[in-house]
Amino acid sequence: MPDTTDAGPDSALEVGVRFSSDVNGYITGIRFYKEATNTGTHVGNLWRADGTRLATGTFTNETATGWQQLNFSAPVPITAGAGYVASYHTDNGHYSCDQHYFETEGVDTYPLHAPANQASAPNGVYAYGSSSTFPTTGFNSSNYWVDVVFSTNLWSPTTVPGVIDSGPDDPVELGVRFSSTTGGYVTGVRFYKATANTGTHVGNLWNGSGQLLASATFSNETESGWQEVQFASPVAITADTPYVVSYHTSVGHYSDDQYYFESSGVDAAPLNAPGGGPPNGLFAYGSSSTFPASSWHSSNYWVDVVFSPRSATPSPSISGVSGTVSTGQILTITGSNLVQDNKVDWHSFFHGTAYSFEGSDFFSDRYVSGTGDPGATYDTSVKLLGNQSAKFYIPSATTCVPNVGNGGSAPLIRNTYFMRGYVRYSVPVDGDKKTWPDNHLKLFGAQTNASLAYIQPATDGTVPSYWVATLNGNGTWAANPGGTFQNDRWYLVEVEQSADTYTVWVDNQQILSVPFTQTGSPMYYELGIINACVSNYPVTAWIDGFTLSRFRIHPASTIEISDNPTYGAGTVKYQEPVYLSDGSVQFKADFTGLGSGPYYLFVTNNRLARSSAYNLGP
């Protein structure tokens, strides 16, 4: 998601991105990120590096905001190592634009690469004009958030079988065994159709043992030629692992080239359909789809896979919820893709260096080289993500304790930085009141040679209900959306200093956005309990899921309950996380303000992919 979703009004222009691929493949469409103000007609284009336009099309059925996608009328083959430009035309500006994005590094998402800016070949690019023009000009290495839809197949869209129609036959499932040298996502199935191959066709993906992984019915078929169906969700596959893709026909008349796989297979990197060994192509007779395991004369039935080697973003899927559906109860969600918070993948997706605490040793994988007194230990008994959290502890003391936390320099972050962390506090209870510090309790801080910015709960000796952002000595207060602070509750805190604005989110809700001029480049960053002053009692804080990056990394997993099955159409209430993992999420339910039901559950991962509504009842 762009950092700046709307760059403001402008004249009509074309904006785009340079890219190349490590493998031959097909560009099937163009994507761009849209803000609600970016209205009017949008035209997507694919160009060679010399300015030759290869494909164009008009976007239709656009949503008000978010990623928009145009599918070309025919896939466009591209050559490994060659340069291309993907772009779109807008009439009134309001395009997304993150300046300096390509300044020092590009984006590498195998097999695609968007190179860093160069004087002779800038990235991103634009061109003013009332209609589409090849964009070649760059400005401040800006990313205009234009993307391509890339796929690979075993056979090109222009390939034609030797025997298009093998004649009538009983209902049968026909398929091909394949693997990929890299992990990725199968998004659909293709097959070559003869005119007489009528009726309903169903495409399927199976693992090597015959387990059905995905299925879809073909629609809007042409009379003959290659047909394609997309699965409802991309299916992740593992490198160098066999799978079978197939389709079912009820009338025969399938394409069939016998002995095709007898001595050799098909290599279309990264895909391979083996030959000369275990049987390939495959069939199984039956009135409905059945795993095809038989073969006849090494026949090719001209079934193909639609594969994307790049990292797709599968939406969270909720398979079940257990627990008592009432406020204050712990509910457990089971499903898949509930959390997308893998730091290994942050570099390519979010562009920029991202660091986290999760690891086997706090001091060996700390997010920056340390300065001051490291004050954290790992705690496996209190955790939200993974196996442990970073624990910061101040014993009873009557004087200020400096740097009970961790910090260090991070030159790659430069003048724009983003910090995110889940924080949990524990302070003593005195009767019915918690005894909080009456002085510093800094959580995240950034120091330059001339300015200082940090965020902390309000510290006046009472239970705080406000966060305080202190900017160069000037404090700015913002109410905590959850009211007064609670012991042993995970709060999600996000802080971003970008350009001249300081922004804070708590529990995925923006609570503060104020002007702030940072002087100089960051010298170091801190987090934990920094310069805390307490009065004869201990304070403990745990931090988990911490990230430090150039751009916002969204919550690892956001759990919400609504009174409407259409997200955003009714009241949506944030839920307190208890434990987050990819296949199981726990949260403390809160239905206040949502009426008597029915209630609908949504999970959104940090790539902003959201689950379908899950009906909690009653």
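Can you match Kirkwood radius over Cα pairs in Å to one of these, [x] 28.8; [y] 27.0; [z] 24.5, based on a calculation from the structure here? Label [y] holds the value from this structure. The ellipsoid equivalent to the alpha-carbon distribution of the range 265-340 has semi-axes of 42, 19, 9 angstrom, derived from the gyration tensor eigenvalues as √(5λ) and listed largest first.
Mind checking the log10 I(q)/I(0) for the range 142-217 at q = 0.17, 0.21, 0.23, 0.27 Å⁻¹? Debye, one equal scatterer per Cα, no solvent, two decimals. Calculated log10 I(q)/I(0) at the listed q: -0.91, -1.24, -1.39, -1.55. A cut-off under 10 angstrom between Cβ atoms defines the neighbours of Leu594, and their net charge, with Lys, Arg +1 and Asp, Glu -1, is -1.
Simple point charges give the picture: +1 on the Cβ of Lys and Arg, -1 on the Cβ of Asp and Glu, and for the range 41-129 a dipole about the Cα centre of about 300 debye.
A convex hull fitted around the alpha carbon atoms of the range 131-257 yields 171 Å³ per residue. The GluC sites (Glu not before Pro) of the range 145-226 meeting both criteria, a DSSP state outside H, G, I, E and B (loop) and at most 13 other C-beta atoms within 10 angstrom of the site's C-beta, are Glu223. Convex hull volume per residue, computed on the Cα atoms of the range 61-115, equals 141 Å³. Under the criterion of Cα pairs below 8 Å and six or more residues apart, the relative contact order for the chain equals 12 percent. Take every pair of alpha-carbon atoms less than 8 Å apart whose residues are at least six positions apart; their mean separation over the length of the range 119-258 yields a relative contact order of 32 percent. Quick check on the range 228-277: take the gyration tensor over C-alpha atoms, sort the square-rooted eigenvalues as a ≥ b ≥ c, and tell me if it's rounded (a/c under 1.5), prolate or oblate. Here the range 228-277 falls in the oblate category. Using the Cβ of Tyr126 as centre and a radius below 15 Å, the other residues enclosed give a net charge of -3, where K and R count +1 and D and E count -1.
Estimated from helical segments only, the mean residue ellipticity of the chain at 222 nm is 0 deg cm²/dmol, where each DSSP H run of four or more residues counts as -39500 (n - 2.57). Peptides 507-516, 455-464 ordered by packing proxy, namely the average of other Cβ atoms within 10 Å per residue, highest first: 455-464, 507-516.
A Förster radius of 60 Å combined with the Cβ-Cβ distance from Ala127 to Lys588 puts the calculated FRET efficiency at roughly 0.70.
Across all Cα atoms of the range 1-120, the radius of gyration (one decimal) and Dmax (whole number) stand at 14.3, 38 Å.
In this calculation the C-beta distance from Tyr466 to Phe139 is compared with R0 = 45 Å, giving a FRET efficiency of 0.65.
Using a simple spin-label model with pseudo-atoms 7 Å out from Cα toward Cβ, Asn220 and Thr448 lie 5.1 nm apart. Shape class of the range 213-312 from the alpha-carbon gyration tensor: oblate, with a/c at 1.5 or above and b/c at least as large as a/b. Look at where the Cα atoms of the range 1-47 and of the range 91-167 average out, and the two centres are 8 Å apart. If you take all other residues with their beta carbon under 15 Å from the beta carbon of His297, and give Lys and Arg +1 and Asp and Glu -1, the sum is -4.
Just so you know, all these numbers are worked out from the coordinates, no wet-lab data involved. For clarity, every value in this text was computed on a predicted model and none was experimentally measured. Neighbour counts run over all protein chains shown; Cβ positions are idealised from the backbone, glycine included.
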